[in-house]
Amino acid sequence: SCVAIFFAMLFLFWSTAAGMVHIWYNFETYTHGFIILPISLWLIWQKRHHLAARTPAPAASFLIILAPTLLVWALARLTGVQVVEQAAFVASIIVAVSGLLGWQVARFLAFPLLFLFFAVPMGEDLTPPMMEFTATFTVEALKLTGIPVYRDGLWFSLPSGDWSVVEACSGVRYLIASATLGVMYAYITYHTLWKRLVFIAMSIIVPILANGLRAYMIVMIGHLSGMKLATGVDHLIYGWVFFGIVMFILFWIGSFWQEEEAAPQTVLPTRPAAPATVATKSVLISILAVAMGFTTVLVTDRAEGLEVATDTTLVAPTSIDGWELQPGGADWSARHQPTEHVVAAKYRRGNDTVQLFVVLFPKQTQGLEAINTQNSIGEQLVRSVQLERQPLDLGGTTVNANRQRAIIPVAGRSSEHLVLQWYRVAGHSVTNRYLGKAWEALSRLYPGRADGAWIALATPLENLELTQAQSRLEDFAKTIGPIIERQIDRVIGVEAGL
């Protein structure tokens, strides 16, 4: 029954499973996903003698847990939050299988079952803070070494040359690999809960610190060699060799506290049932679980088919409160996913200039959405430094706009700008990506809106204080905000607008 329910759920949610496999195959960070299921089955096999001493007792109460799990999958599917969709899919399989095994057996196999979550390609949101930590660790270590260093965000300069922390240097790969191995090792090696938790914590903390040390060592090698070594692909090779040594030492030290497992003892279910009763309950639970999954997929597919008719598109207003639209459009192109509803304009008032970018997706789908890392202020950024969010008055509503100092190539030279960004999702202005996705999910259910827009303002920072640039953008945003909101609503047919 467990095998049958597994393949039934796999068939129903095939597109989600295929999406996971696609990521495993195309992104090295998540290649380990291919071996998670075999490892989980091997862990269960390792416990086969203890498992044989227990009797399955199917529990229909697991269906109560399955319902919200499927709801989360549906909402994540509708809003294009792939990692949540995939996690909910894995959770649905775990809950359905646990329902056939019963509480007692499921509790015993909790670790091998929960280990399946490592197959979900997650951890992307850890990249920015990990990059920030790596840069801070490296710069502080260089200062302690006595080497003068100038830092600007994730970029820093030494007398011997310049360095920057990019995504590949964040250490997320090392962290994911270490956590996966560490959790498995802790389960196999220890049987005391506190020992397992301590080792798992170490398998998370050690690679973070080790990655900072790795980055420092690479910079030192480059510095001492006159930028001849560890400046290209070879520094990634050094990184993996160093990581392998660190993991070997960690596991070697952990082996000193290895525990022997107790012999299996027969454990009877709290409510013994006849074999025929167990078989009947297994079949009914399987049928109900599959029916719930089928209904969820069917309803979600219909909601995904929501049609949005657009009779017009966005237009940059020619004049707003003294700000005049300049011919030729914006000074540079923003990077965004394809859509025909785009505004890229430049406005001037006296000597002040502001760039306006609005990218609207009337019907958001996976890969065509406002809240996506592919939407950025520029195709090529020389450097970017995130700043603290600040409230921004949009002429009636207020949003805590994301701020950054970005050096952008303009007309053959690098120009520093202050940039404010936010999202307009189904009539709500937000900056938090998770809140934006939540609004999208709720709005798809009622009143049936699926639109999202990425909006950005930028103004030059040369010869200008940050507070002055902020004031200029605030003045422009207060004027343009209501106009953008009305235009978005008009495009998707919510109201006539202006």
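The values are calculated or read from the model by the stated rules, or taken from the named source; none is laboratory data. The structure presented is a predicted model; accordingly, all values stated were derived computationally and were not measured. No Cβ is skipped: glycine too gets one built from the backbone with ideal geometry, and neighbour counts run over all protein chains shown. For accessibility, only protein heavy atoms count, side chains too; no ligands or nucleic acids. Shrake-Rupley method; radii C 1.70, N 1.55, O 1.52, S 1.80 Å.
Charges only on Cβ, +1 for Lys and Arg, -1 for Asp and Glu: so what's the dipole of the chain about the Cα centre, in debye to the nearest 20? List each step's numbers first, then the result.
On the way: 34 positive and 36 negative charges, 274 e Å.
It comes to approximately 1320 debye.
As an exercise, identify the GluC sites (Glu not before Pro) in region 360-454 lying in DSSP coil whose Cβ has no more than 12 other Cβ atoms within 10 Å.
On the way: sites: GLU369, GLU379, GLU388, GLU416, GLU440; in loops: GLU369, GLU379.
Passing sites in region 360-454 are GLU379.
Kindly provide the helix-only [θ] at 222 nm of the chain, computed as the sum of -39,500 (n - 2.57) over DSSP H runs of four or more divided by all residues, to the nearest 500 deg cm²/dmol? If you can, show how the numbers build up before the last one.
Working: 15 runs with 251 residues, N = 498.
Estimated from H runs of four or more residues: -17000 deg cm²/dmol.
For the chain, take the longest principal axis of its alpha carbons; what is the angle in degrees between that and the long axis of helix 33-46, to the nearest 10 within 0 to 90?
Here the helix axis deviates by roughly 20 degrees.
Give the accessible area for GLU140 in Å² (nearest 10); use a 1.4 Å probe, count only protein heavy atoms, and leave out ligands, DNA and RNA.
90
Within straight cross-link reach of LYS195, meaning Cα distance under 27 Å, which lysines are found once same-chain residues fewer than 8 apart are removed?
Result set, ordered by chain and number: LYS47.
MET202 versus GLU124, label points 7 Å from Cα toward the beta carbon: distance in nm?
Label at MET202, label at GLU124, 3.4 nm between them.
Once you sort the root eigenvalues of the Cα gyration tensor of region 1-61 as a ≥ b ≥ c, which label holds: rounded (a/c under 1.5), prolate (a/b larger than b/c) or oblate (the other case)? If you can, show how the numbers build up before the last one.
Numbers: a/c = 3.80, a/b = 1.55, b/c = 2.45.
Oblate.
Measuring from centroid to centroid over Cα atoms, what is the spacing of region 343-391 and region 95-151 in Å?
After rounding, the separation between the Cα centres reads 30 Å.
Angle, helix 234-254 long axis vs. longest principal axis of the chain, Cα atoms, 0 to 90°, nearest 10?
The angle comes out at about 40 degrees.
Taking the dipole about the Cα centre of the chain, with the C-beta of Lys and Arg at +1 and of Asp and Glu at -1, give me whichever of ILE200, SER15, ILE188 is farthest to the positive side.
Final value for the positive-end residue is ILE188.
Leaving out ligands, DNA and RNA, what percent of the accessible area of the chain is carbon and sulfur, probe 1.4 Å? Let's see the in-between values first.
Numbers: 15760 of 24680 Å².
Accessible surface attributable to carbon and sulfur in the chain totals 64 percent.
At 1.4 Å probe size, with no ligands or nucleic acids counted, give the accessible surface of LYS346 in Å², nearest ten.
Here the residue's solvent-accessible area equals roughly 40 Å².
Would you work out which of LEU466, ALA453, ILE488 lies farthest towards the positive end of the dipole of region 449-498, given +1 charges on the beta-carbon of Lys and Arg and -1 on that of Asp and Glu, about the Cα centre?
Projecting each Cα onto the dipole axis, the largest value belongs to ILE488.
Report the full-extension gain for the segment PHE6 to ALA18: residue separation times 0.36 nm, less the Cα-Cα distance, to one decimal in nm.
Result: 2.8 nm gained on full extension.
In square angstrom, what is the accessible area per residue of the chain with a 1.4 angstrom probe?
On the way: 24680 Å² over 498 residues.
Roughly 50 Å² per residue, with all protein chains present.
Can you tell me the length gained on complete extension of the stretch ARG389 to LYS195, counting 0.36 nm per residue apart and subtracting the Cα distance? If you can, show how the numbers build up before the last one.
Values: separation 194, 0.36 × 194 = 69.84 nm, distance 4.09 nm.
The ARG389-LYS195 span can extend by a further 65.8 nm.
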